[in-house]
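Just below is one structure, and these are the notes that go with it.
Read-outs throughout are calculated quantities, based only on the coordinates presented, and are distinct from any laboratory measurement. From a predicted model like this one, the values you see are computed outputs, not experimental measurements. Here the Cβ positions follow ideal geometry from the backbone for every residue, glycine too, while neighbour counts run over all protein chains shown.
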Amino acid sequence: MPMDWEDLVTQIDAQLPKEVWAQTLIGIGVLVLTALFVQWVVARVVLLLAHRLLVLTGHEDWDKALQRRRAYQNLWYAVPFAVVSMGIELVPHVDRAAEIVGRLAHAGAWICVFVALSGVLSAWQDTYSATTRAQTRSIKGYIQIGKLVLMVICTVLVLSILIDRSPLWMISGLGALSAVLLLVFKDTLLSLVASTQLTTNDMLRIGDWIEMPQSNADGFVKDIALHTVKVQNWDNTVTTVPTYKLFSESYRNYRHMFESGGRRIKRTLRIDAASVRFLTDEEAGRLMRFRLLRDYLQAKTSDIAQANQHMGEQAAVPANRRRLTNIGTFRMYALAYLKQNPEVRQDMAMMVRMMEPQSDGIPVEVYCFTAVTAWVEYERIQGDIFDHLLAILPELGMRLYQQPSGADIGEMGGRLRESAMREMGRDGVGPQGQELPR
């Protein structure tokens, strides 16, 4: 006759020791072994199945990211806690400690689960950062918000388990602390709104060159997080700017300049006012040899000749006649030089204008856009343009304004001394008989 279940239980009870402490130790040992066995089964079956499924579906990056963020391991650690919380009541003679151990194990299981979920969010961030879309749009702020929400839910749930109260009771108690919570999480709430607005309105991307003088930030955006934005400056230092400041304060973003394909040149040459004059007919004829000025001078000379001819006898007075100026001719030469330069955008604004004369000369501003936006090439093109314009000034009888230096003042003093000596005589003796300094 086969042995029934009651007989089996009776025989097992007969084999167990009668001491209370021995039964408790055996019960704890069986519970621990069961927890480890279930953990091994979950690791071998469930987690291995998830690993194989991700690999077979072509999501190996997700599998590697989950392993790197220890999402599998944290979920694996939750299994023993869950088994202990459910089986602690079966251990004999632990009625007093069963409830406490069960709550602690239950709370530990949920903590491991939420840590595993946080690892999943981190894995999502890792896989997204490897895509091309991550170069323009960052989800790090949203990932941090998700982790913050998980942390709040986990805290409420764990506390409710430990004190044996409903989670709804815990949440209702938070209403009384709303003012305190708003004060504590003020920066987080501001950053949440700012991060959402920056991303939604496409106001800031990773890789943008921004300039924010009030925060000493001038460089490329390296990272956009929930609370901070990291900017790598040109001197390789890193400035950390609060996210809400980029929404509430003004800053300059050069992204559209790079997207347009043209970078602006806006620089002035300060001409010495004493060198500005009318051109003579001989000088105008000599400048006809310049290829960039030939068409302009021919048209302008013919126009001026007709205008002076209509004046009749009044044209005999030089002040009444129309004449070419060297500064006007220089502006036309500079404009023609820009128009024939292949490294200057011809479809964007281009001008050479004379601005209001000042005490340090007459500003002539060159305004145009280069055909490249890279910094090194931009500086090279700008340097080539102004090298040529500076070198052509003497050909038009002009010079730049330059403040006198110590050497200039010393040379002028020497000339005045020599002039005074020539006037007073070659013997170097003044009218009162004093010897002049040599």
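Details
- Legend: residue pairs Lys245/Lys339; Lys64/Lys222; Lys147/Lys230; Lys64/Lys245; Lys64/Lys186, Cα-Cα distance threshold 31 Å; pairs beyond threshold, Lys245/Lys339; Lys64/Lys245; Lys64/Lys186.
- Residues Thr127 and Val32, FRET efficiency given R0 of 35 Å [Cβ-Cβ distance, rounded to 0.05]: 0.40
- If R0 is 22 Å, the Cβ-Cβ spacing of Val149 and Met86 corresponds to a FRET efficiency of close to 0.20.
- For the peptides 382-390, 304-312, the ranking by packing is 382-390, 304-312, with the highest mean count of neighbouring Cβ atoms within 10 Å listed first.
- Under a model in which nothing but the beta-carbon of Lys, Arg (+1) and Asp, Glu (-1) is charged, segment 173-326 shows a dipole of about 460 debye around its Cα centre.
- Protection proxy ranking of 320-331, 281-292, 221-232, 152-163, by the mean of other Cβ atoms within 10 Å over each peptide's residues and highest first, is 221-232, 320-331, 152-163, 281-292.
- Spin-label model distance (nm) - Met424 vs Thr268, 7 Å beyond Cα toward Cβ: 4.4 nm
- When only alpha carbons are used to place a centre, segment 43-78 and segment 219-293 end up 51 Å from one another.
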